[in-house]
Amino acid sequence: MILLRLNNLSSFSSDRDIAGCFGDTSLCLVRMIHALLVGGGRDAARAVANDLVAAHPSFRFAPFHSPSTAYIVDTMQTVLHFYFVTNSFEECVVETVNQSGDADTTGALAAMLAGATYGSSLPSRWLTRLDSGVVAEVRRQSTRLASLA
């Protein structure tokens with residue numbers, strides 16, 4: 001399950017609003033990944049994101065004006081905006097993490113969407129900077145995970 005940190009919840013009027021928003025964002029990401037993996041492409045993913053915005057207008061990501069923070073709305077606005085305005089895995093991830101703030105979360109979510117769209121091959125210059133033991137373990141775990149699908 002995709003987990004996002006919830007900070008600064010003052011814009012929600014009740015615990016129910018918070019739970020609904022959190023559940024809807026997690027479900028949105030899962031549905032977007034599913035749409036991409038079954039071949040629906042970015043148009044299908046955009047339709048899912050538009051459904052989230054229709055249910056929770058605070059998630060509107062175009063035009064982009066949000067700082068990248070750990071607040072779930074800011075996180076989703078950042079991820080969705082840069083996913084939809086970029087055209088490659090590398091561009092999506094780099095543009096997203098360069099927003100600073102909660103870059104580990106936004107980068108991971110953007111990479112998940114971009115990987116499902118463009119393929120999961122990381123640029124070789126990124127891999128050469130990683131510890132070889134870490135690379136070997138990631139490859140081992142990904143192979144095992146893929147075999148479960």
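Rule-based calculations on the coordinates, nothing more; no lab input. Just so we're clear, the structure is a prediction, and the values are computed from it rather than from any experiment. Here Cβ is always computed from backbone atoms with ideal geometry, including for glycine, and neighbour counts include all displayed protein chains.
Relative to the compact-globule scaling 2.2 N^0.38 Å, provide the ratio for the alpha-carbon radius of gyration of the range 9-118.
Values: Rg = 13.1 Å, N = 110, 2.2 N^0.38 = 13.1 Å.
Its radius of gyration relative to the 2.2 N^0.38 Å reference: 1.00.
In terms of packing, defined here as the mean over residues of other Cβ atoms within 10 angstrom, the peptides 106-112, 34-40, 45-51, 73-79 line up highest first as 73-79, 106-112, 45-51, 34-40.
Each of Phe82, Val48, Ala62 was scored by the projection of its Cα onto the charge dipole of the range 9-118, and the greatest displacement toward the positive side belongs to Val48; charges sit on the C-beta of Lys, Arg, Asp and Glu. What you get for the range 43-104, charging only the Cβ of Lys and Arg (+1) and of Asp and Glu (-1), is a dipole of about 240 debye around the Cα centre.
Residues within the reach of a label modelled at Leu127 (point 7 angstrom out along Cα to beta-carbon, backbone nitrogen below 15 Å), restricted to the range 85-115, are 90. Placing dummy labels 7 Å off each Cα toward the beta-carbon, the span from Ser100 to Leu145 is 3.0 nm.
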